[in-house]
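Right, one structure below, let's go through it.
The values are calculated or read from the model by the stated rules, or taken from the named source; none is laboratory data. Since the structure is predicted, the reported quantities are computational estimates derived from the model, not experimental observations. So basically every Cβ, Gly included, is an ideal-geometry build from the backbone, and we count neighbours across all protein chains shown.
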Amino acid sequence: MGGSTVRRPRRLHLMPSSPLGGALSKQRKDKRRGEEEEEDLLLQEFSKLLRIFGPRAERQLPINQVTPEKALSRFNRLHSEYLPLLGHQLTILADLLEPSGYLREPDSKSKLILEFLPALSKNLCRIQLATYTICPELAQFGTYQNDDQYLKVFKSFRLHYLNRKLKSDLPHHINQVLSWSHQLIRKLHAKSDTHWGRLCLSGARKSLIDSISSSTKAIDLSISWLNGSELELVTHGWQPNMDSIGELLGDVLISINPTGPSPEKKRRPKSVRNPMVSPDIELARSLTPLIKLSRLFFQKLKRGEVNRKRPTSTCTEMSSQQLDQLARLPEQVGWDLKESIEIFRTAHWPSRAFPSTIIAKKLEQFKNRFASALLLFDLYLIPLIPDNTDEYSTQDYYRKWLATWFTQFNLAIQNFSKDMKSIEINRL
């Protein structure tokens with residue numbers, strides 16, 4: 001006999017019609033149906049949040065009149081409870097929608113998200129209610145008020161900024177968070193393993209994280225304006241204009257001496273292409289101490305001990321117009337200096353009379369801005385600085401510093417006026 005033939009076991013094929021094959025098929029269908037239902041439910045919940053907290057819905061929120069005590073309570077809870085909680089909730093949402101973790105446990109993650117969303121919705125409602133309580137319609141705040149010095153945290157100067165942040169910026173970013181969460185869930189449940197599918201998933205995740213980051217920044221800024229002192233608020237936006245004054249100083253120094261070393265090595269100003277000539281170069285040189293003193297004033301009050309310690313009180317008896325005057329001081333001073341330099345650039349033209357009257361008026365305006373600001377700082381803001389009574393008085397230190405600074409400032413003004421008169425006489 002030849003070699004015996006080994007019979008292989010027959011492969012068992014489970015046909016859909018067989019009891020076992022039908023059970024497996026039904027199980028897969030039930031699982032897929034369950035995932036689709038969870039996806040639909042999640043998408044519905046995010047869509048509901050988008051309808052409630054969308055940009056159109058937020059303007060239609062009815063707010064009943066409340067007592068001042070109730071308004072203050074909502075104001076305080078907004079920065080101490082509601083907004084910090086929202087920042088924490090956004091972090092939780094980012095973790096729940098982390099793609100790799102979600103795809104490993106889609107059922108448990110979906111349930112956690114569905115349990116989480118009502119708490120998010122409730123907190124957003126509280127924020128919305130508090131916002132519309134403390135920030136009336138924008139039309140009521142067309143200009144800063146000059147008679148609200150006793151309204152404490154409800155002065156229009158503070159509420160203007162909060163109105164924009166809490167009614168426009170933050171809702172926009174939250175809307176983006178909800179929208180990208182909605183899209184990310186759709187892409188997670190699509191389970192596309194193609195290169196394009198992975199790119200779309202990664203893009204949606206990045207957009208969600210970016211939106212959460214923008215929301216967090218808006219939350220932090222809102223909190224700082226809710227619980228910040230007026231000393232902190234008036235200096236909040238100084239830095240860009242302080243930088244502009246520093247750049248202007250660099251431009252002037254280069255214009256006076258184009259061949260010398262530039263303090264601004266990365267940029268060459270337009271003035272270098274048309275360098276100053278005598279006598280305007282003498283005026284620019286005489287103006288340099290005023291530019292330096294202006295920059296020093298803002299640096300001292302912005303970066304010094306004034307803003308390193310928590311103020312003893314949040315509010316002063318300044319009106320919103322006075323607060324706005326201090327807040328815009330660096331911008332106005334910068335424009336005064338730039339306009340003065342532009343006048344110098346035309347002063348040497350033979351066809352023009354020397355603009356001494358224009359320069360004198362500009363100089364007087366420039367001086368009055370600082371004189372008024374110094375008075376407000378001395379009367380209202382310096383008293384907010386915590387005093388170090390053990391060694392020395394911080395408040396006395398700043399008063400003496402401001403007095404010394406103003407003496408040097410007046411001396412620089414006098415020197416500039418003398419130089420201007422001398423140049424005018426020499427032109428006759």
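Structure above, values below:
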{"quantity": "Test result for residue 258, part of a loop (DSSP other than H, G, I, E, B), surrounded by 14 or more Cβ atoms within 10 Å (Cβ to Cβ), touching a Ser or Thr at 6+ places or on another chain (Cβ under 6 Å) and at pLDDT 65 or above", "calculated": "no"}
{"quantity": "Residue match in the range 185-200 (condition: within 20 Å of residue 106 (Cβ to Cβ), in a helix (DSSP H, G or I) and among the polar types (S, T, N, Q))", "calculated": "no"}
{"quantity": "Flag if residue 248 is part of a helix (DSSP H, G or I), closer than 30 Å to residue 378 by Cα and modelled with pLDDT under 95", "calculated": "yes"}
{"quantity": "Among the residues listed as 175, 163, the single one being closer than 18 Å to residue 320 by Cα and at pLDDT 90 or above", "calculated": "163"}
{"quantity": "Test: residue 166 is in a helix (DSSP H, G or I), of a type in the set (A, V, I, L, M, F, W, C) and closer than 22 Å to residue 92 by Cβ", "calculated": "yes"}
{"quantity": "Members of the range 133-145 that are surrounded by 12 or more Cβ atoms within 10 Å (Cβ to Cβ) and either on the phi > 0 side of the Ramachandran plot or at pLDDT below 90 (or both)", "calculated": "135, 136, 138, 141, 144, 145"}
{"quantity": "Some residue of the range 111-118 being within 14 Å of residue 219 (Cα to Cα) and either among the aliphatic types (A, V, I, L, M) or surrounded by fewer than 17 Cβ atoms within 10 Å (Cβ to Cβ) (or both)", "calculated": "no"}
{"quantity": "Filtered residue count, the range 178-196, keeping only those that are among the hydrophobic types (A, V, I, L, M, F, W, C) and either at pLDDT 90 or above or closer than 30 Å to residue 79 by Cβ (or both)", "calculated": "4"}
{"quantity": "Conditions (1) surrounded by 12 or more Cβ atoms within 10 Å (Cβ to Cβ); (2) outside any helix (DSSP H, G or I): number failed by residue 150", "calculated": "(1)"}
{"quantity": "Residue, nearest to residue 43 (Cα to Cα), within the range 109-147, restricted to residues that are outside any helix (DSSP H, G or I) and within 21 Å of the chain's Cα centre (by Cα)", "calculated": "135"}
{"quantity": "Pair list, Cβ under 7 Å, 6 or more apart: the range 146-170 residue touching a residue at least 12 places away in the same chain (Cβ under 8 Å) and assigned by TED's automatic domain parsing to the domain that holds residue 130, other residue among the small types (Gly, Ala, Ser) and part of a loop (DSSP other than H, G, I, E, B)", "calculated": "146/319; 147/319; 148/319; 149/319"}
{"quantity": "Residue check, residue 187 of a type outside the set (S, T, N, Q) and either within 27 Å of residue 85 (Cα to Cα) or not assigned by TED's automatic domain parsing to the domain that holds residue 105 (or both)", "calculated": "no"}
{"quantity": "Of all residues making up the range 106-133, the number that are without any contact (Cβ under 8 Å) to a residue 60 or more places away in the chain and closer than 21 Å to residue 203 by Cα", "calculated": "1"}
{"quantity": "Residues satisfying the stated conditions in the range 174-203, i.e. surrounded by 21 or more Cβ atoms within 10 Å (Cβ to Cβ) and not polar (S, T, N, Q)", "calculated": "174, 177, 178, 180, 184, 185, 188"}
{"quantity": "Any hit, the range 210-217, residues being assigned by TED's automatic domain parsing to the domain that holds residue 124, within 30 Å of residue 316 (Cβ to Cβ) and of a type outside the set (Ser, Thr, Tyr)", "calculated": "yes"}
{"quantity": "Restricting the range 389-416 to residues that are under 26 Å from residue 355 (Cβ atoms) and buried (at least 16 other Cβ atoms within 10 Å of the Cβ), the residue that is nearest to the chain's Cα centre (by Cα)", "calculated": "409"}
{"quantity": "Test: residue in the range 387-397 that is modelled with pLDDT of 85 or more, in a helix (DSSP H, G or I), over 25 Å from residue 234 (Cβ atoms) and out of contact with any Leu (no Cβ under 7 Å at 6 or more places or on another chain)", "calculated": "no"}
{"quantity": "One residue from 331, 364, 317 being surrounded by fewer than 21 Cβ atoms within 10 Å (Cβ to Cβ), modelled with pLDDT of 90 or more, outside any helix (DSSP H, G or I) and on the phi < 0 side of the Ramachandran plot", "calculated": "317"}
